[in-house]
Every structure is written in C-alpha cells, then in structure tokens.
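Okay, so here's the structure we're looking at.
The values are calculated or read from the model by the stated rules, or taken from the named source; none is laboratory data. Note that this is a predicted model, so its numbers are computed, not measured. No Cβ is skipped: glycine too gets one built from the backbone with ideal geometry, and neighbour counts run over all protein chains shown.
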Ligand SMILES: [Ca+2]
Ligand SMILES: [Ca+2]
Ligand SMILES: [Ca+2]
C-alpha cells in the first residue's frame, strides 16, 4: 500500500485491525511496530511490554507481537528509549458501501474496469470540479440530485423540448419519448431514455451513501445542459450549450454562473466532416475557456471519422470497450479515437452493460431506478469523470489545472491491440491521476 494514511482514512479506504494469529484459548496476537532509540535496552523492553520480535520493519523499526497490543504500546511509549510504538494495522482497498458497487464491474473489475479504487486511493474525488453533461437534461434521483448544480435548457424547438417553450433556465428533462412516425417516416415509437441521467450518474453519482451505485468523480458537480429532446438536438443548440457550459457568452442567455472545465458530450450523428458551427464552439470552449471536451465516438461499428462531434478537432473522442476489455461490437473506431472506456455490452448478458442511475417512466418521470445501458455514450462519462479526478488531484497537490492538451497527454490507458483502433487503449484511472499529479 503506497498511498498515504490520510487518503486511506477517507471515504473510500478503511482500515481494520484484525487478529493475525489465533492460538487456542488465548487472546490472539496482534502486531506492533516499534522503533527503539540508539542504545535502547531492547531485551528489557520486550520483556516488560510482554512482546516478542517478529520481523524488521522500515525506518529502522521492527515488528513485535503481543496478546494485549494496547497495553504493550502503553508500556513501550512510557519508556525513554522508545521513539514510537503503534499498531501494525491492516489496510485494504475497501469497496464503497453502495450496494450496487459489486455490479459496477466497469469501475473495478480486471481486465475490463478502469482501476477506479486505486485512483481514488491517490486522493482525488472530483471535489470542486464541475462537469457539464450536455445531454437530455436533469432528472431528480436520490443517488445524484445532490451533485447537480445550475444548468440551462438550450432546446429551441418547443416540440422537441416538450416544455411548451424554447430556451429557458429550467434544464429539467421532460422525457424524450417518441410516437411512431413522429421523428420521421417509419421511425418507431420509443419510450423516454433518461439518457442524461444515466450519463450524469456515471460522472458523479453519490458514493458511500449506502444507496445504489457510485460515479467516477463522486464529489464533483454536474451541470446539466439540456440540448437533446424528442428526435434529438440541433447543431445550433448543441453548439450554444458547449460555449455556455464552458463559461462563454451566448446571445440571449444569461452567463453561466457554474462554468465547467470538463464537458461531456455523449451524443453524435452522421457527418462526413465536423460542421463549422460545432468546431467553432469546441474551439471557443477549449482554446479560450480551457475546457476539456470529451465526446462519444459513436455506435455505428464504423470509422468515427463519419460521426460528429467525434470527428471534430480538439476533442477527446471516446470509443467503448466490453467487459473483457475488447472494443465493443458496436463502437466506432479509427484514427480520430483518442481513448476507449467501458461502454459495456448488454446483449446477451444485461449485467455486462454499464450500470447507472435511471428513471423508469415511459414518458414523464416515474420511479428512480438503476439500469444497464451500453454505448459509447456510457464510455464517455468514464473519461470525463477521470478528467475531473485529474484536475482535483492537481489542486490537491498545489499545481495548476491541466490545459485540454495536457489532459489528453496525461490520460493513460492500458494498451490494446492496434487492430482495436481504440487510440491509447482502455482508460486507466489510476495511471491518469498518477500522471496528473506527477506532471509539472
Ligand atoms: Ca424550454
Ligand atoms: Ca450511491
Ligand atoms: Ca479525436
């Protein structure tokens, strides 16, 4: 265990003192670490403290065993020839108490997970970081609502928006259900997706609240920017959402009091090139405002060069992996993909999808639930959450926030075969945070 004790005492890690041996009809022995001063009466100390030598320790100290560790430590510490004596406590990576954590394989399982507990063990939680989820909007959920902050509704088309108006200050997801034929001839009916809720939960669902699952950066805030409604969202609205989310000016809209340094766009559509409107918005967010823009590669099992914003310049295009750390069957791929992250595959095994917060209302919201979804939409918030952890780690270590270019440089991944065309490979949260901390 290389991490500091302060981090280990936090919400993620816990420590436990356990009996190391268990002799019959006697108190089990417990271990103590003791450091004697120069010239100490070591034999006398062992006798008086009723301890026996077990092993050498670091720092010139040694490990002793006692059947009453507390009393032995008291006796040792009272001696002038002892520098310190403390219990040799057992530290372990302990899972958060969220009951769905065991099902969130995408965070911890090998080889398909992102080594999230080890990243948390380095200190960061996302505290103080805001991630804009540019998606279907905000939906209340007991495992997420406390982490929502601000937001805006950028959907201009009242029919798409279902709230009876155009842009307004209320980012609530009204449901994106479609009637048969509503979004084009032959397009079938579809229930509400609550897509933004699922994505936001992967970024920052509440951890260690004995409820549901957790997000990647559970102390970060999510700024819900509503751009997707029934039938999707327009380029103009998505571009406005990008600029506003990062703190830029959008005509007719009040300034964002909660600008985000990380933007998550789990959305896309076919386009042979990145539209000028979108590229300009990304440039503003990235170059003028310092926001890292993470976008989904797309789910067409094709080269991501034909999907936008995946094919825009200056974004972190994210492909999806399955539970076995292979590129997911549906994921786009290719040279514009910077990295891959778990997007899961719900077929044939539903549990191999990404588990996050959802609502079960077929039209308007009903009960808060959790559900497995698959997609590059699910992979993207893993990256956005890790970016928030990286930035928080910078703050914790007294260093400047990373620029978008530095974020990409220091995002680390487990290498995948070149044939996967998955960029750097499978996101490695621990190595990314480590790199962020080490960078000048
Ligand atoms: Ca509206
Ligand atoms: Ca939780
Ligand atoms: Ca790219």
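Looking at the range 117-129, is at least one residue under 28 Å from residue 236 (Cα atoms) and touching a residue at least 12 places away in the same chain (Cβ under 8 Å)? Yes, some residue in the range 117-129 is under 28 Å from residue 236 (Cα atoms) and touching a residue at least 12 places away in the same chain (Cβ under 8 Å).
Can you find even one residue in the range 232-239 that is within 16 Å of ligand 2 (Cβ to nearest atom) and either farther than 21 Å from residue 385 by Cα or modelled with pLDDT of 95 or more (or both)? No, the range 232-239 has no match at all.
Only one entry of 323, 286 meets the criterion of being more than 16 Å from ligand 2 (Cβ to nearest atom), in contact with a strand residue (DSSP E or B) (Cβ under 7 Å, 6 or more places away or on another chain), modelled with pLDDT of 95 or more and not in a loop (DSSP other than H, G, I, E, B), and that entry is 286.
Of the residues that sit in the range 292-303 and are more than 14 Å from residue 266 (Cβ to Cβ) and out of contact with any strand residue (DSSP E or B) (no Cβ under 6 Å at 6 or more places or on another chain), which one is farthest from ligand 3 (Cβ to nearest atom)? By that ranking, first place goes to 301.
Criterion applied to 95, 40 was being within 30 Å of residue 201 (Cα to Cα) and surrounded by 13 or more Cβ atoms within 10 Å (Cβ to Cβ), and the one residue passing it is 95.
Of the residues 290, 306, which is over 24 Å from the mean Cα position of the chain (by Cα) and surrounded by fewer than 23 Cβ atoms within 10 Å (Cβ to Cβ)? The unique qualifying residue is 306. Check residue 166 against each of (1) out of contact with any strand residue (DSSP E or B) (no Cβ under 9 Å at 6 or more places or on another chain); (2) farther than 27 Å from residue 374 by Cβ; (3) in the same structural domain as residue 194 (by TED's automatic domain parsing) and name the one condition it does not meet. Just one mismatch for residue 166, condition (1).
Has the range 237-246 got at least one residue that is in contact with a strand residue (DSSP E or B) (Cβ under 6 Å, 6 or more places away or on another chain), more than 16 Å from ligand 3 (Cβ to nearest atom) and part of a loop (DSSP other than H, G, I, E, B)? Among the residues of the range 237-246, not one is in contact with a strand residue (DSSP E or B) (Cβ under 6 Å, 6 or more places away or on another chain), more than 16 Å from ligand 3 (Cβ to nearest atom) and part of a loop (DSSP other than H, G, I, E, B), which makes the answer no. Being in contact (Cβ under 8 Å) with a residue 12 or more places away in the chain and buried (at least 24 other Cβ atoms within 10 Å of the Cβ) is not true of residue 313.
Looking at residue 317, is it in a helix (DSSP H, G or I), modelled with pLDDT of 95 or more and within 16 Å of ligand 3 (Cβ to nearest atom)? Quick ask: steps written out before the conclusion?
Values: in a helix (DSSP H, G or I): no; modelled with pLDDT of 95 or more: yes; within 16 Å of ligand 3 (Cβ to nearest atom): yes.
Criteria not met by residue 317.
Among the residues of the range 270-287, the one identified as under 25 Å from the mean Cα position of the chain (by Cα), surrounded by fewer than 24 Cβ atoms within 10 Å (Cβ to Cβ) and within 26 Å of residue 342 (Cβ to Cβ) is 286. When the range 224-242 is limited to residues that are in contact with a helix residue (DSSP H, G or I) (Cβ under 6 Å, 6 or more places away or on another chain) and buried (at least 24 other Cβ atoms within 10 Å of the Cβ), the one that is farthest from residue 172 (Cα to Cα) turns out to be 239.
Quick check: anything in the range 207-222 within 16 Å of ligand 1 (Cβ to nearest atom), surrounded by fewer than 24 Cβ atoms within 10 Å (Cβ to Cβ) and not in a loop (DSSP other than H, G, I, E, B)? No: zero hits.
Answer with yes or no whether residue 146 is within 14 Å of ligand 2 (Cβ to nearest atom) and more than 26 Å from residue 366 (Cα to Cα). No: the conditions fail for residue 146.
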